[in-house]
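Please treat every number below as a calculation from the coordinates, not as lab data. These numbers were taken from a predicted model, which means no experiment stands behind them. Positions of Cβ are backbone-derived with ideal geometry, glycine not excepted, and every protein chain shown enters the neighbour counts.
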Amino acid sequence: MIPSHSPSSGPAAAESAPIAPTNTTPLGKRRETSTSPRTTAQAQQSQTPATPAQPNPVPSASNTSVDREVASPKRLRAPQPALKVMPARYEDCNVKDLIVLISNMLMELVRYNDTIPLSNGGLTRFHSRAPPGISIPDYLARLTTHATLSPPILLSMVYYIDRLCALYPAFNISSLTVHRFLITAATVASKGLSDAFWTNNTYARVGGVSLRELALLELEFLWRVEWRIVPKPEVLVDYYRSLVQRSEGFTIEDAMETNGDAAAPEP
């Protein structure tokens, strides 16, 4: 029989068995130095008192609004349009600026009066069958350029509107009457206020009406206003200031100086 032996016995077993490292460190010292970091952390955690957890602060509405104001840039205001400064004396006014002021006033009257229906017997010699194709600003600019209308004449034409409406209730400024009124008022004012003026033939050609029609319009106008066609100088001043004050984007020179003096601090 083959004798049995354990695998651990014999020279082969002795060669295959690992050699345990020798450690001369005392047992107590080895345990102390071989303490794991996990064990040390657990020991420190057990000795240190636990700190209660603090809740995260909730931002208030005031704080968030302040943060938004600081973070977001301020919106820039849109620049205000510069005012057109008109001279204090209407004699020094540019006729182009005066055309704009008068045209704005006339168009405002036309928009309002066109909503009023015509009554029986409401037609006048100044009414046309249909509104002309040229606009009010262009027509007034044409009259001013080719008939050489000065600021006093233009302001007198505005004065004639109130006088004619007061003495002739059937008349008003509308899209059917404004063009015929303007050429008639320009003809009458030029003859009444200027030392030199054009002939009726020139005014009729510039205004786009016949010579006979202009003569009838002129006579009708003079009769309705009782032949009083020369306003006082202070009346023209009032009409000039009223036109500037009612128009957006315009101001008078002396008004700006007054406001500047009022805003200046006292010495």
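Based on a Kirkwood Rh over C-alpha pairs, give the Stokes-Einstein translational diffusion coefficient of region 133-218 at 25 °C and viscosity 0.890 mPa s in µm²/s.
It comes out at roughly 188 µm²/s.
Report relative contact order for region 90-257 in percent, whole number only (criteria: Cα-Cα under 8 Å, sequence separation at least 6).
RCO, region 90-257: 29 percent.
Report the extension gain between ASP114 and ARG212 in nm, rounded to one decimal, defined as 0.36 nm multiplied by the number of residues separating them, less their alpha carbon distance.
Contour length minus the Cα-Cα distance gives 32.5 nm.
Which net charge results for the neighbourhood of THR187, defined as the other residues with beta-carbon distances under 15 angstrom from its beta-carbon, given Lys and Arg at +1 and Asp and Glu at -1?
+4
How long, wide and thick is region 169-223, going by the Cα atoms along their three principal axes, in whole angstroms, largest first?
Ordered largest first, region 169-223 gives principal extents of 32, 21, 16 Å.
Using the Karplus equation 6.51 cos²θ - 1.76 cosθ + 1.60 (θ = phi - 60°), what ³J(HN,Hα) coupling, rounded to whole Hz, does each residue of region 145-151 give in order, writing x for Gly and Pro?
Residue by residue, region 145-151 yields 6, 8, 10, 6, 7, 8, x Hz.
For region 90-257, state the average projected area of the convex hull of the C-alpha atoms over all orientations, rounded to one decimal in nm².
That works out to 9.9 nm², a quarter of the Cα hull's surface.
Calculate, in nm to one decimal, what HIS146 and SER194 gain on full extension: separation in residues at 0.36 nm each, minus their alpha carbon distance.
Full extension from HIS146 to SER194 adds 15.7 nm.
If the only charges are +1 at each Lys and Arg Cβ and -1 at each Asp and Glu Cβ, what is the size of the charge dipole of region 90-257 around the Cα centre, to the nearest 20 debye?
840
What net charge do the residues around LEU176 carry, taking every other residue with its C-beta under 9 Å from that of LEU176, with Lys and Arg at +1 and Asp and Glu at -1?
Local net charge: +1.
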